1. With the crude spin-label approximation of a point 7 Å out along Cα→Cβ, what separation in nm comes out for ILE231 versus ASP111?
2. To make sure I understand the rule: partners must be aspartates and glutamates, Cα under 17 Å from the Cα of LYS217, and not fewer than 8 residues away in the same chain. Which ones qualify?
3. Once the whole set of protein chains is in place, how much accessible area is left on TYR64, using a 1.4 Å probe, in Å² to the nearest 10?
4. Of the options TYR124, THR218, THR83, report the single residue whose Cα projects farthest towards the positive end of the charge dipole of the chain (beta-carbon charges: Lys, Arg +1; Asp, Glu -1).
5. If contacts are Cα pairs under 8 angstrom and at least 6 residues apart, what is the relative contact order of the chain in percent?
6. So with the 1.4 Å probe, I'd like the accessible area per residue for the chain, rounded to whole Å².
7. Can you give the Rg and Dmax of the range 130-212 based on its C-alpha atoms, in angstrom?
8. Please report, as a whole percent, how much of the solvent-accessible surface of the chain comes from carbon and sulfur atoms (probe radius 1.4 Å).
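The values are calculated or read from the model by the stated rules, or taken from the named source; none is laboratory data. Just so it is clear, the model here is predicted, and its values are computed rather than measured. FYI the Cβ positions are ideal-geometry reconstructions off the backbone, even for glycines, and counts take in every protein chain you see. Quick note on the areas: whole protein, heavy atoms, side chains included, nothing else; ligands and nucleic acids left out. Shrake-Rupley method; radii C 1.70, N 1.55, O 1.52, S 1.80 Å.
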Amino acid sequence: MKTFFFWLFFTITIPSIAQRQTVVNSEVWFGLMTSGQIAPKWSLWLDTHHVPDLFFILRGGLTYHTDDQKFAVTGGYAGLKLTTPFSDGELIRPEHRPWGQVVYRIPSSSDFSVSLRYRHDMRYRAKFNTTEIIDGYWLNHRLRFNASLRYNWKNRLSPHFNFATTLFNETLFTVGPDPVVNPLEHRVFLLFSFQKKSITFSPGYHIRFAIPEYNSKTLFINHGLFLWININYQFKNFRRHTLKDFPGDHI
């Protein structure tokens, strides 16, 4: 089924991409992500992501984990600073973003695992004209569908750390009620994760395909390296539960 949806996406999009003018940009992505267990089934979420000349986000949330850890449900709020067409990369446009997500981890007894995620963002972004930020906010809803394929190599590279590789595919749809600038985006991330105790370093490569507006003849391709640092911690020793949390949950 996962393979079917993967090929369905490219079957639909490749003919469309071939008919568009492409604009290619490079970017780097930095992320610091934390998750702290506060009760047997609950954890706090706090992370930050930064892409220079594009955005900075500080995001918090509260996650509920089911007993079997197949599901993790999170709700929270994020504050952002965004660039504008006239600010030369300076992040001057504020955004308020209530958000929620559900992660489903397909049961697996092997070192290969699959997670499916849906996230919903309510994006309240400050209005602007051709020269400045003005009063008021535009609201868009963003629907995000993500599939994560992870293989845990354990200590095969070194007895001193755990190594895992992860491939993410995420498709984002943006709808009204206010005018939509970026209705469709697709993201692919390849992570190489090195875990030592509670800290995971995840360097990798990403590529983002974006169609900037309806009926546009242009396709933007943004790509580059990234580095994410993930920290998992506990406020006390929970003997009955050790909650699962992976970098892909925080993208």
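1. Reported label-point gap for ILE231 and ASP111 is 2.9 nm.
2. Cross-link targets: GLU185.
3. Taking all protein chains as shown, TYR64 has close to 80 Å².
4. It is TYR124.
5. Details: 632 pairs, mean separation 44.9, N = 251.
Reported relative contact order: 18 percent.
6. That works out to 54 Å² per residue.
7. 18.6, 57
8. Carbon and sulfur atoms account for 65 percent of the accessible area of the chain.
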